[in-house]
Amino acid sequence: MARRKPPTHPSIVPPHIELHQLNFITEQSITLNDQAAYVSVKLQRCQVGNQAAEDVLFDQVIAEHTDFSQSCLVLAQFLDSQFHTCDFAITSLEKACMRRVQLIACRLPGVVFTQADMQDVVVQKCQGDMSHFWDCTLKATRFEHCTLRQASFASSTLAGVVFRHCDLTQADFRGANLRGADLRGSILDGLQVGVRELQGAIIDSGQAVQLVRVLGVLVRDEDETP
């Protein structure tokens, strides 16, 4: 059986998608209804945005150049799916569940995840300035080469999450659990975070200097005048 083989990452389970079972939907406007299920579907240049629905299921879905922007989806489930160059700008995803999902080169500015549960998720080359991940639980999740300026991860559980080569300028991690989170290689200028949140986080030596300044500590040589 043919399977799509996405990029793999250690300890992250990739999506399982049976290519030969996909039904193609191209350049259509799709109406989302409560408890609708989209299974084994490939969406190309479709319009799904500016809608409200509850308990929608996306299972083994590949979406390319598809617009989900400004939608309000409560209890949405995303399973074994890939989203390439899709638009989720200003989309509300309350209590969403994501399992084995990849978001690649997607627009995420202003997207709001509230109490979402995400596991085995890769977010790669996405533009997510001012995105919000509030009170969410992320496990086995990686953000790679993403812009996340002024993003908020307030009160979220991010233990073990990897932020690799991301721009986290002025991102908000207040109240978050960063134990085991790997921030190495990312820009941390103006990070909103405290000592308690940083306990157990992994950073590189250059970032240590940045974070000392963020925490308001003055670093001076011994012979420097106070």
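Just so it is clear, none of the values below were taken in a lab; they were calculated from the coordinates. What you see is a predicted model; the values in this text were computed from it and never measured. FYI the Cβ positions are ideal-geometry reconstructions off the backbone, even for glycines, and counts take in every protein chain you see.
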Starting from the Cα gyration tensor of region 49-119, take the square roots of the eigenvalues, sort them a ≥ b ≥ c, and report rounded, prolate or oblate (rounded when a/c is under 1.5, otherwise prolate if a/b is larger than b/c, else oblate).
rounded
Point-charge dipole on Cβ atoms (K/R +1, D/E -1) for the chain, about Cα centre, debye to 20
500
Quick one: if you stick a label point 7 Å off each Cα along the C-beta vector at Gln21 and Gln70, how many nm between them?
3.6
C-alpha long axis of helix 205-214 to longest principal axis of the chain, angle in °
80
Tell me the relative contact order for the chain as a rounded percent, counting alpha carbon contacts under 8 Å between residues six or more apart.
10
Please list, in order, the residues from region 42-83 whose amide nitrogen is less than 11 Å from a point placed 7 Å along the Cα→Cβ vector of Asp34.
53-55
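Hey, what number do you get for the chain at 222 nm if only DSSP H runs of n ≥ 4 count, each worth -39500 (n - 2.57), divided across all residues, to the nearest 500?
Values: 2 runs with 14 residues, N = 226.
Helices in the chain give a 222 nm mean residue ellipticity of -1500 deg cm²/dmol.
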When Lys and Arg each count +1 and Asp and Glu each count -1, what net charge do the other residues less than 10 Å away from Val193, Cβ to Cβ, add up to?
0
Using the charge dipole of the chain (Lys, Arg: +1 at Cβ; Asp, Glu: -1 at Cβ; taken about the Cα centre), state which of Val212, Leu79, Thr137 has its Cα farthest towards the positive end.
Leu79
Per the 1/(1 + (r/R0)^6) rule, R0 = 35 Å and r from the Cβ atoms of Thr85 and Val13, FRET efficiency to 0.05 is 0.90
